[in-house]
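These notes concern the structure reproduced below.
What follows is calculated from the coordinates using simple rules that are stated; it is not laboratory data. All figures in this text were calculated on a predicted structure; none of them were measured in a lab. Glycine also receives a Cβ, built like all others from the backbone with ideal geometry; neighbour counts cover every protein chain displayed.
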Amino acid sequence: MSTFVRNSVAALAIAGVAVGAAFAQGQPAGDGPPVLAKQIATARGGTRLLVSSGAFTGGEAIPDKYTQNGDNVSPAINWVRGPTGTQSFVVLAEDSGVNRHDPIVHWVVYDIPSTVTSLPSSMPGDDKLENGGMQGKNIAGKIGYIGPKPPAGQTHPYHFEVFALNTKLNLDPGADRNTVVNAMKGHVLAVGDLIGDYTGK
């Protein structure tokens, strides 16, 4: 093998390791910022829902209790009634502070009945909820909520998005975020987004 070929193979191997490491960290270079669910499954006419939480105020820090540095429990989320024709709600929690196409998914809840306008704190990690809704998989591949844990010193925004739909998705329990978002397309009547920040420790 010539020196040129050996050097070329070595360079390609090093490049492959570097790319693999970037993907392992979930941050392939140049692939961000993430596209949030609300940008994919848009609301008809841009109708918005008011979303709030007793755990934190929009634009402010999320307390440690609701992160992997604390109790790692879900915060209470509240929203107003959906517009006429609402058949169900979807709640997603996504981290948009990463350099990749897809956000980090922290929570997926769908087929929430139209009569429900809140989720309590410390939701259990069950795929079927008492209120009739379903929970899907988070970034760790587990059912239910997983709290923020950005790298030390980095502040990431976390989006708690609520979608009012004109249908029930009727997906199996444990669906992932992309399955839920694709099923929502064309059915979103209104959407709201509560954003809280968290800085890694």
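Helix 3-24 against the longest principal axis of the chain: what's the angle in degrees, Cα atoms only, rounded to the nearest 10?
Once rounded, one gets 20 degrees.
Once each part is reduced to its C-alpha centroid, what is the distance from the range 165-199 to the range 132-147 in angstrom?
Centre-to-centre (Cα) distance: 13 Å.
Taking the range 111-173, which trypsin sites (Lys or Arg not before Pro) meet the DSSP loop condition and have no more than 14 other C-beta atoms within 10 Å?
Working: sites: LYS128, LYS137, LYS142, LYS168; in loops: LYS142, LYS168.
Listed in order of number, the matching sites are LYS142.
What is the chain's relative contact order, in percent, from Cα pairs under 8 angstrom and six or more apart in sequence? If you can, show how the numbers build up before the last one.
Numbers: 469 pairs, mean separation 54.7, N = 201.
Answer for the chain is 27 percent.
May I ask what percent, to the nearest 5, of DSSP beta bridges between residues of the chain are antiparallel?
Working: 34 of 37 bridges.
The antiparallel fraction comes to roughly 90 percent.
Residues with amide H under 5 Å of VAL80's amide H, sequence separation 5 or more or different chain, H placed in the peptide plane at 1.01 Å from N; which?
Residues meeting the criterion, in which the H sits 1.01 Å from N, are LEU50.
Do the sum for the chain: with -39,500 (n - 2.57) for every DSSP H run of n ≥ 4, divided by all residues, what is the mean residue ellipticity at 222 nm, to the nearest 500 deg cm²/dmol? Write out the running numbers ahead of the final one.
Working: 3 runs with 34 residues, N = 201.
-5000 deg cm²/dmol, from helical runs alone.
Starting from 0.36 nm per residue, how many nanometres of slack lie between THR117 and ILE40 once their C-alpha separation is accounted for? All intermediate terms of the calculation are to be shown ahead of the outcome.
Details: separation 77, 0.36 × 77 = 27.72 nm, distance 2.29 nm.
Gain on stretching THR117 to ILE40: 25.4 nm.
Would you mind putting 175-181, 44-50 in packing order, based on average other-beta-carbon counts within 10 Å, highest first? Please list the in-between numbers first.
Working: 175-181: 19.7, 44-50: 13.6.
The peptides rank, most packed first, as 175-181, 44-50.
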